[in-house]
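The values are calculated or read from the model by the stated rules, or taken from the named source; none is laboratory data. These numbers come from a predicted model, not from an experiment. A quick note on method: Cβ atoms are made from the backbone with ideal geometry, for glycine too, and the neighbour counts reach across all protein chains shown.
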């Protein structure tokens, strides 16, 4: 028995370290460090969502909620995309790039892309959204931010948006 053990020890020590299985892990895969830009964009998205919750008009709520979603999407791009060295001649929307980088956000990208024109009008002060539409977008942006932070491994605290009322 000791001969077998010493033989196994000798054989194992002769195997290069790169060929050996890794030592027992803690159970969680190692994550690449989160880029500071991604953390900053998540924080900025949270601030925009807070602004949306306390905004006084539906247009302000809608625009701020959409901006929160844009910043959350940008955080995903900051965390996952890598420059390929090629320069693009055209500017592309974050909602076009997001599904290419993070396929799990394809439906969210389509949803927020569809509301981009309305956001532009709302930012310009055009009365184009109802209170209900604004409140719904605030909730949707909060759900999207929760999904983004979960995907990035960052903490998320759902906004206290239960008090939003559909008054229009």
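Here are a few things to note about the model shown:
- Check on residue 44, out of contact with any strand residue (DSSP E or B) (no Cβ under 9 Å at 6 or more places or on another chain), at pLDDT 95 or above and within 20 Å of residue 153 (Cα to Cα): yes
- Pick from the stretch 116-132, criterion surrounded by fewer than 20 Cβ atoms within 10 Å (Cβ to Cβ) and over 20 Å from residue 93 (Cα atoms), ranking: modelled with the lowest pLDDT: 125
- Residue under evaluation residue 156, criteria (1) touching a helix residue (DSSP H, G or I) at 6+ places or on another chain (Cβ under 7 Å); (2) more than 20 Å from residue 36 (Cα to Cα); (3) at pLDDT below 95, criterion not met: (2)
- Inter-residue pairs, beta-carbon under 6 Å, first within 22 Å of residue 33 (Cβ to Cβ) and in the stretch 79-101, second modelled with pLDDT of 95 or more and surrounded by fewer than 10 Cβ atoms within 10 Å (Cβ to Cβ), 6+ apart: none
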